[in-house]
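**Q** Below you'll find the structure I mean.
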Amino acid sequence: MSVRPRSPRALGWLITGLGLAAGAALWEIVGRETGAAFMAPLSETLLRLAELAHTGELWQALASSLALFGAGFALSVAVGVPLGLLLARMRLLRIALESYIAILNATPIAALIPFILSLMGFGFAPKVLVVFLFAVFPILYNTVEGARSIRPELIEVARSFRSTERALWRDVLLPFVLPFALTGIRQAIGRALVGMIAAEFFLSASGLGMMLQSASQSFDTATIFAAILLVTLLGVALMELGGALERRYAAWRNIRT
Amino acid sequence: MTVESRLAEAAPGAGLARLAGSTLLVKLGAGVVLLGLWELGVRAWAPAYVARPSGVLAVLPEVIASRAFLSAAAATLGAVLEGLAIALVLGIAVGIAMGRSFAVDRLIRYYVFGLFAMPMVAILPLITLWFGYTGAARLATTVFAAFFSIVLNAADGARAVPLEYLEVGRSFRARRWRVLADIVLPASMPYLLAGIRLGAARALIGAVVAEFFISVNGLGFFILFNSRSFRHNQAIVAVLVLAGAGVGLEALVNWATRHYFPWYRRDEKPR
Amino acid sequence: MSEEAAAICISVRNAGKRYDALEVFAGIDLEIGQRQIVALVGPSGCGKTTLLRSIDGLIPLSAGVIAIDGAPVTEPRTGVAMVFQHFGLFPWKTVYDNVAYGLRLAGASRRELGEKVPYFVNLVGLRGFEAAYPYQISGGMQQRCGLARALATEPSVMLMDEPFAAVDAQTREILQFELLRIWDMRPMTMVFVTHSIEEAVLMGDRVVVLKGRPSTVFETVAVDLPRPRNRQTLGLARFNELREHVWSTLMDEARRAEFSVSG
């Protein structure tokens with residue numbers, strides 16, 4: 001069926017390396033063949049990256065984007081997690097709101113950007129709001145999912161040992177819901193990134209989004225690719241972080257008793 | 001007399017819940033409260049052009065009937081479905097190849113992970129450069145948006161096929177492609193459905209932001225245009241349609257999962 | 001042993017429970033003396049588990065009163081510990097932490113925990129597995145952990161809901177004798193629900209048979225087998241007599257149920 005190499009790890013790295021090299025070569029060749037307005041070759045992109053790093057433009061853009069991401073994401077966690085936990089404990093409230101949370105989670109929040117622009121104009125706050133709205137619903141939705149699947153037997157055990165409300169949270173509710181919240185946070189990272197770039201595109205320009213947009217307007221493909229590369233690296237790094245957090249705290253969940 | 005019903009007696013608010021009668025009533029009640037808050041809040045504090053439930057209801061009939069709106073809805077939803085279909089066919093092929101072949105997996109995994117992590121909005125300048133400011137660019141965006149989540153989940157599914165099934169295939173001397181079609185594909189369906197759920201959501205976002213960027217006819221552009229001319233109530237109608245599409249696609253996938261795979265538990269994490 | 005001078009520990013008077021239109025049990029009268037072991041048996045759905053949970057204070061009665069040591073039961077109280085059929089171990093806590101759970105809630109100090117928890121972990125035969133998580137140990141070991149958790153609070157009343165139903169037959173036998181050994185060392189009042197008539201007769205001083213719709217106490221069978229109970233007990237003629245008696249009492253209901261398809 002599939003290849004069973006003698007030393008899988010080494011062979012794996014070799015193949016990956018070949019794949020990356022082939023991709024790089026392709027990029028370089030196609031870039032050179034076609035016009036500058038179509039695709040800049042890899043070498044030019046890397047040169048532009050170095051240039052941007054040198055002039056400081058890269059770091060400025062990165063810092064600005066990260067600040068936006070950080071503010072919006074932190075806000076979404078600060079609101080989403082406690083609210084989700086509250087719904088975990090209050091069954092009536094959860095039943096009332098869970099359908100609406102599910103609906104909002106399935107709605108493309110991007111559709112609301114024009115309204116936010118119209119109401120709040122340009123500035124940092126509306127962009128933070130956009131990132132917040134992109135990120136908060138997966139957190140809420142997944143936390144509520146966790147709440148819905150709390151095994152009632154465990155609450156029963158706590159009651160039979162006469163647990164106080166605080167101890168119930170510490171021993172049962174928080175440990176159970178935490179992995180679900182982390183799944184939500186991992187999903188929220190991806191969405192917040194989209195929100196960040198979207199805000200920088202469609203609201204007041206700043207950061208990596210602005211770099212990308214102005215390069216686009218001047219057909220500067222080298223900068224376009226450089227910016228895309230940066231954004232991608234940022235995305236990969238943040239999502240890896242999210243994934244690692246999730247795996248760390250969900251070990252006991254993979255094997256169901 | 002389940003454990004749940006016994007414990008439901010004990011949970012806070014349980015008595016109230018029973019009073020409320022059924023969950024549907026509670027949900028509808030909450031919906032009315034939320035709409036009421038929206039209405040009152042806007043009346044009290046917001047300028048006249050801001051959308052409110054009464055305003056949306058007032059313009060709803062004329063918007064729904066207008067040809068402009070209907071063609072916009074058809075354009076956007078058509079692009080989403082078309083993009084999803086293309087992403088599905090390509091994504092399943094690539095994903096299963098990734099899942100079953102060590103070489104393919106190692107070859108392309110960083111590309112797939114990287115492009116999956118890239119926020120889809122960032123690809124817009126490039127796509128408009130290559131496809132122009134046309135519907136084709138929007139289609140390319142939706143395909144791009146949905147493709148990678150499908151690939152990753154198809155790969156997960158293909159990788160997770162239980163060995164026992166493959167053993168049966170071998171003992172019946174099935175050819176490789178038969179194994180793929182008869183065993184691997186059906187066995188990975190649950191993962192695939194999770195991937196489609198995610199891909200649909202992403203395709204929807206992709207279509208909307210593409211329309212913002214490209215200004216081609218569609219629901220996203222409808223929202224942009226109407227919000228700029230202070231016709232927020234009309235624009236909200238488009239948001240409702242998009243929300244409906246999002247919910248509808250997810251409901252479809254959930255139904256398919258429940259119907260065809262009742263044993264599959266949704267705590268397998270989709271990406 | 002007989003129950004002559006035993007003071008009453010648990011008293012159930014005219015207990016009834018209904019869920020809307022469904023009346024589960026009614027008019028249950030029961031008296032359980034100090035340090036007695038009583039088994040509750042009956043067909044599925046007869047409410048014996050509900051009754052047990054009512055004694056623990058987890059479920060309120062619709063009618064009647066349950067009192068432990070004279071005080072009416074309204075909620076779970078100290079000195080009463082429950083072992084659940086579903087184990088109810090917290091999957092994110094190790095064996096050690098699970099056993100320590102009840103003690104920690106009661107405010108035990110770190111030193112106290114360090115003394116008591118290892119003792120009870122040893123007692124149920126889980127020495128060496130303190131750092132393991134529930135998903136890493138077998139069903140029988142999980143049930144032992146649940147047992148240790150209850151025992152660690154040194155209760156005067158132990159309530160057990162089909163404690164050995166979820167483990168295999170061999171482990172079940174081992175656990176039964178272990179429990180008897182523990183009771184011999186430290187007698188306490190025990191009420192347990194079981195589907196196994198052998199288990200009920202082997203372990204109990206009395207076997208209470210619940211039957212009917214709604215369920216009531218159909219019969220109370222006094223088990224006059226000598227203590228301590230052990231493997232030899234299983235071979236006694238009296239053991240077989242008692243077992244057959246309970247079996248035939250229950251079988252009537254089952255056979256009748258076979259024919260009343262219309263419910």
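**Q** Only one of (1) without any contact (Cβ under 8 Å) to a residue 40 or more places away in the chain; (2) under 30 Å from A:Trp169 (Cα atoms) fails for A:Thr55. Which number is that?
**A** It is condition (2) that A:Thr55 fails.
**Q** Being surrounded by fewer than 21 Cβ atoms within 10 Å (Cβ to Cβ) and without any contact (Cβ under 8 Å) to a residue 40 or more places away in the chain is the filter here, so list the residues in region A:104-117 that pass it.
**A** Step one: filter region A:104-117 for residues surrounded by fewer than 21 Cβ atoms within 10 Å (Cβ to Cβ), giving A:104, A:115-117.
If the condition is that a residue be surrounded by fewer than 21 Cβ atoms within 10 Å (Cβ to Cβ) and without any contact (Cβ under 8 Å) to a residue 40 or more places away in the chain, then A:Leu104, A:Phe115 are the ones that fit.
**Q** Does region A:218-227 contain at least one residue that is without any contact (Cβ under 8 Å) to a residue 40 or more places away in the chain, at the interface with another protein chain (Cβ under 9 Å from one of its Cβ atoms) and surrounded by fewer than 24 Cβ atoms within 10 Å (Cβ to Cβ)?
**A** Scanning region A:218-227, I find no residue that is without any contact (Cβ under 8 Å) to a residue 40 or more places away in the chain, at the interface with another protein chain (Cβ under 9 Å from one of its Cβ atoms) and surrounded by fewer than 24 Cβ atoms within 10 Å (Cβ to Cβ), so the answer is no.
**Q** Hey, another quick one. Could you tell me whether B:Glu211 is of a type in the set (Asp, Glu), farther than 30 Å from A:Gln213 by Cα and modelled with pLDDT of 90 or more?
**A** no
**Q** Here's another thing I want to ask about it. For region B:113-137, how many residues are touching a residue at least 60 places away in the same chain (Cβ under 8 Å) and surrounded by fewer than 17 Cβ atoms within 10 Å (Cβ to Cβ)?
**A** Number of matching residues: 2.
**Q** Can you list the helices (runs of 4 or more DSSP H) found entirely within region A:29-146 that contain at least 2 residues being of a type in the set (S, T, N, Q) and more than 14 Å from chain B (Cβ to nearest Cβ)? Break it down into steps so the answer makes sense when it comes.
**A** Details: elements: A:42-55, A:57-89, A:91-106, A:113-120.
It comes to A:42-55, A:57-89.
**Q** Same structure, new question: Name the residue, out of B:Ala137, B:Ala187, B:Ala145, B:Ala201, that is farther than 17 Å from B:Ser101 by Cα and either among the acidic types (Asp, Glu) or away from chain A (no Cβ under 12 Å) (or both). Spell out how you get there, then give the answer.
**A** Numbers: B:Ala187 fails: farther than 17 Å from B:Ser101 by Cα; B:Ala145 fails: either among the acidic types (Asp, Glu) or away from chain A (no Cβ under 12 Å) (or both); B:Ala201 fails: either among the acidic types (Asp, Glu) or away from chain A (no Cβ under 12 Å) (or both).
Just a single option satisfies the conditions, and that option is B:Ala137.
**Q** Please work out which residue is nearest to C:Leu103 (Cα to Cα), limiting yourself to region C:50-86 and to residues that are among the hydroxyl-bearing types (Ser, Thr, Tyr) and surrounded by 15 or more Cβ atoms within 10 Å (Cβ to Cβ).
**A** Here is the first cut: in region C:50-86, the ones among the hydroxyl-bearing types (Ser, Thr, Tyr) are C:50, C:54, C:62, C:74, C:78.
The next check asks that each one be surrounded by 15 or more Cβ atoms within 10 Å (Cβ to Cβ); those that pass are C:50, C:54, C:62.
Details: C:Thr50: 26, C:Ser54: 23, C:Ser62: 32 Å.
Restricting to residues being among the hydroxyl-bearing types (Ser, Thr, Tyr) and surrounded by 15 or more Cβ atoms within 10 Å (Cβ to Cβ), the top hit is C:Ser54.
**Q** Just to verify a result, which residue in region A:160-174, among those that are surrounded by fewer than 22 Cβ atoms within 10 Å (Cβ to Cβ) and either more than 24 Å from C:Asp161 (Cβ to Cβ) or in contact with a Pro (Cβ under 6 Å, 6 or more places away or on another chain) (or both), is farthest from the other protein chains (Cβ to nearest Cβ)?
**A** A:Trp169
Residue-wise test of (1) within 13 Å of chain A (Cβ to nearest Cβ); (2) under 30 Å from C:Asn14 (Cβ atoms); (3) at pLDDT 90 or above; (4) not in a helix (DSSP H, G or I).
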| residue | (1), (2), (3), (4) |
| --- | --- |
| C:Arg77 | yes, yes, no, yes |
| C:Trp92 | yes, no, no, yes |
| C:Tyr96 | no, no, yes, no |
| C:Gly102 | yes, no, no, no |
| C:Tyr119 | no, no, yes, no |
| C:Gln142 | yes, no, yes, no |
| C:Pro163 | no, yes, no, yes |
| C:Glu173 | no, no, no, no |
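**Q** Could you check region C:94-111 and list, in sequence order, the residues that are within 10 Å of C:Pro134 (Cα to Cα), buried (at least 19 other Cβ atoms within 10 Å of the Cβ) and over 21 Å from the mean Cα position of the chain (by Cα)? Step through it out loud before you land on a result.
**A** Step one: list which residues in region C:94-111 are within 10 Å of C:Pro134 (Cα to Cα), which gives C:94-95, C:98.
Subsequent filtering for residues that are buried (at least 19 other Cβ atoms within 10 Å of the Cβ) retains C:95, C:98.
Hit for region C:94-111 is C:Val95, nothing else.
**Q** Could we say that A:Arg148 is free of Cβ contacts under 8 Å to residues at least 12 places away in the same chain and either out of contact with any Phe, Trp or Tyr (no Cβ under 9 Å at 6 or more places or on another chain) or surrounded by fewer than 23 Cβ atoms within 10 Å (Cβ to Cβ) (or both) here?
**A** Working: free of Cβ contacts under 8 Å to residues at least 12 places away in the same chain: no; either out of contact with any Phe, Trp or Tyr (no Cβ under 9 Å at 6 or more places or on another chain) or surrounded by fewer than 23 Cβ atoms within 10 Å (Cβ to Cβ) (or both): yes.
The answer is no for A:Arg148.
**Q** So which residues in region C:18-49 are more than 16 Å from C:Val209 (Cβ to Cβ) and either out of contact with any Pro (no Cβ under 7 Å at 6 or more places or on another chain) or part of a helix (DSSP H, G or I) (or both)?
**A** Scanning region C:18-49 gives C:Arg18, C:Tyr19, C:Asp20, C:Ala21, C:Leu22, C:Gly33, C:Gln34, C:Gln36.
**Q** Still on this structure, please answer the following. Output the residue which, of all residues in region B:208-256 that are more than 21 Å from B:Val56 (Cα to Cα) and within 8 Å of chain A (Cβ to nearest Cβ), is farthest from the chain's Cα centre (by Cα).
**A** Filtering first and then ranking leaves B:Phe213.
**Q** Filter region A:65-100 for residues that are among the polar types (S, T, N, Q) and over 17 Å from the mean Cα position of the chain (by Cα) and give the result.
**A** Taking region A:65-100 first, the residues among the polar types (S, T, N, Q) are A:65, A:76, A:99.
Selection gives A:Ser99 alone.
**Q** Would a scan of region B:95-112 turn up a residue that is more than 14 Å from chain A (Cβ to nearest Cβ) and surrounded by 15 or more Cβ atoms within 10 Å (Cβ to Cβ)?
**A** Checked region B:95-112: at least one residue is more than 14 Å from chain A (Cβ to nearest Cβ) and surrounded by 15 or more Cβ atoms within 10 Å (Cβ to Cβ).
**Q** Next up: In region C:212-222, is there at least one residue being crowded, with 20+ Cβ neighbours inside 10 Å, under 25 Å from C:Cys145 (Cβ atoms) and modelled with pLDDT under 90?
**A** No: region C:212-222 contains no residue that is crowded, with 20+ Cβ neighbours inside 10 Å, under 25 Å from C:Cys145 (Cβ atoms) and modelled with pLDDT under 90.
**Q** In region A:136-148, is there at least one residue being touching a Leu at 6+ places or on another chain (Cβ under 9 Å), of a type in the set (Gly, Ala, Ser) and closer than 23 Å to A:Glu98 by Cβ?
**A** Yes: one or more hits.
**Q** Would you confirm, using the coordinates I've provided, whether B:Ser188 is among the polar types (S, T, N, Q) and either under 24 Å from A:Ile109 (Cα atoms) or in contact with a strand residue (DSSP E or B) (Cβ under 9 Å, 6 or more places away or on another chain) (or both)? Full working, then the answer.
**A** On the way: among the polar types (S, T, N, Q): yes; either under 24 Å from A:Ile109 (Cα atoms) or in contact with a strand residue (DSSP E or B) (Cβ under 9 Å, 6 or more places away or on another chain) (or both): no.
In short, no.
The values are calculated or read from the model by the stated rules, or taken from the named source; none is laboratory data. All values reported here derive from a predicted model rather than from experimental measurement. No Cβ is skipped: glycine too gets one built from the backbone with ideal geometry, and neighbour counts run over all protein chains shown.
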